[in-house]
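Notes follow once the structure below has been shown.
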């Protein structure tokens, strides 16, 4: 069996080498080795998770075609790599992304770009409802999106206009609608594109010859579901707005679904034709708010799981508490964590996360002071704050007091002497308390969880 799976992979490498430039083959296929092929499951050894992402983004069609040719159409692909450096104990395995058949490109020869009868929908197969994390911040928009995708013949929400700041999941949601519609009806003409691409296409048609503009409009009027991202980019483009107005009217009149996203509601759009704005407002408008802390944590946990990573709960809590604006930033943090852990050959910890956040993103920090910490600790442990300053030696009060000392020194950057003065304790008592908490944190998971939750209280 060992020789068999190695021979099969050698056959694949020959195909790749014959059909790809030498530098591409050497960079992306030569480093891959075959681990096993059993029960229709092929396991390939690759350098890193980054390597997997790049490989599937750039060479998915070639890979899929070749594996099906050599191993058979039912082959399932898994990648294995070491999570940390060259340590075999950190080896993880992930399954190859399996794009929805409804949005997979359908070219007969994967090595040649062909013009096929159907057009590329422009949908990213990864942006599904199944991969979209739900929370109160997106509940309404998601529910409406699923209703449209499930019953596209019902035009109650036509047009559907979604708005919200950058990085909150607008693109993912509107693409998920398109993917679900294509899955239910593969023949549906679903098209996703950005407003900037729409603008560039119109400009190219308008500068060519008059007949090209008609061809441009006729094409878009043939679409069943038109999904336009960042529609605000059509502001200050009167010519393009005019073309889109005619397309919009035709589609809406013929009961075709129109879905748009924007960084602002229609009422705040300037230099947009009033007749166009009135049509934006005639359907359903929903806002995507900034992700709340529970959503941010779920996004992190899901992305870590997809990458085959085990990230401690306290690290997830720390990142979710400090990166508050954008889901896109959260996903970038995971990538940075992996890179730092791999290069430094170290564990993923709160300290490493603190370093990554400091270098990678702009963190919105509150000015943390002693009062905030004392209030959060007393609220968390449900004890009277005055008890922290008293002479009580009860275990629960003493532990809470030590937690205040530790957090005041670490997060508020207060000197031990100042902390002691606030709590009527000596400098030595404060230092002893901080050492005690540090030692307990390494041995007590429950205490680490307490610490993370308290930090979230005064940092959010």
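The values are calculated or read from the model by the stated rules, or taken from the named source; none is laboratory data. For clarity, every value in this text was computed on a predicted model and none was experimentally measured. Don't worry about glycine lacking a Cβ; one is built from the backbone with ideal geometry, like all the others, and counts go over all protein chains shown.
Here are the numbers:
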| read-out | value |
| --- | --- |
| Residues within the stretch 288-300 that are at pLDDT 75 or above, crowded, with 19+ Cβ neighbours inside 10 Å and touching a helix residue (DSSP H, G or I) at 6+ places or on another chain (Cβ under 6 Å), tallied | 5 |
| The stretch 1-17, subset in contact with a helix residue (DSSP H, G or I) (Cβ under 9 Å, 6 or more places away or on another chain) and free of Cβ contacts under 8 Å to residues at least 24 places away in the same chain, residue surrounded by the most Cβ atoms within 10 Å (Cβ to Cβ) | 13 |
| Qualifying residue in the stretch 301-315 (condition: more than 30 Å from residue 418 (Cβ to Cβ), assigned to a helix (DSSP H, G or I) and either assigned by TED's automatic domain parsing to the domain that holds residue 425 or at pLDDT 80 or above (or both)) | yes |
| Meets criteria (at pLDDT below 80, surrounded by 16 or more Cβ atoms within 10 Å (Cβ to Cβ) and outside the structural domain of residue 342 (by TED's automatic domain parsing)) for residue 36 | no |
| Residue 149 vs. criteria assigned to a loop (DSSP other than H, G, I, E, B) and in contact with a helix residue (DSSP H, G or I) (Cβ under 9 Å, 6 or more places away or on another chain) | no |
| Matching residues in the stretch 170-201 - criterion: being under 25 Å from residue 240 (Cα atoms) and free of Cβ contacts under 8 Å to residues at least 12 places away in the same chain | 197, 200 |
| Candidates 457, 405 - the one that is more than 20 Å from residue 319 (Cβ to Cβ) and either assigned to a helix (DSSP H, G or I) or in contact with a helix residue (DSSP H, G or I) (Cβ under 9 Å, 6 or more places away or on another chain) (or both) | 405 |
| Among the candidates 205, 149, residue that is without any contact (Cβ under 8 Å) to a residue 24 or more places away in the chain and buried (at least 19 other Cβ atoms within 10 Å of the Cβ) | 205 |
| Any hit, the stretch 96-119, residues being at pLDDT below 75 and crowded, with 21+ Cβ neighbours inside 10 Å | yes |
| The listed residue being assigned by TED's automatic domain parsing to the domain that holds residue 377, in contact with a helix residue (DSSP H, G or I) (Cβ under 9 Å, 6 or more places away or on another chain) and more than 23 Å from residue 392 (Cα to Cα), out of 411, 450 | 411 |
| Index of the failed condition, residue 314 passing every other in (1) more than 26 Å from the chain's Cα centre (by Cα); (2) over 26 Å from residue 127 (Cα atoms) | (1) |
| Per-region count, the stretch 158-174, residues in contact with a strand residue (DSSP E or B) (Cβ under 6 Å, 6 or more places away or on another chain) and assigned to a helix (DSSP H, G or I) | 3 |
| Evaluation of residue 129 against (1) at pLDDT 80 or above; (2) farther than 19 Å from residue 60 by Cβ; (3) surrounded by 20 or more Cβ atoms within 10 Å (Cβ to Cβ); (4) in contact with a helix residue (DSSP H, G or I) (Cβ under 7 Å, 6 or more places away or on another chain) (one fails), failing number | (3) |
| Selected residue [more than 26 Å from the chain's Cα centre (by Cα) and either at pLDDT 85 or above or under 30 Å from residue 336 (Cα atoms) (or both)] from 264, 282 | 282 |
| Test result for residue 26, at pLDDT 80 or above and in a helix (DSSP H, G or I) | yes |
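To keep it simple, each residue is scored yes or no on (1) surrounded by fewer than 18 Cβ atoms within 10 Å (Cβ to Cβ); (2) under 22 Å from residue 151 (Cα atoms); (3) out of contact with any strand residue (DSSP E or B) (no Cβ under 6 Å at 6 or more places or on another chain).
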residue: 213; (1), (2), (3): yes, no, yes
residue: 229; (1), (2), (3): no, yes, no
residue: 240; (1), (2), (3): no, no, yes
residue: 245; (1), (2), (3): yes, no, yes
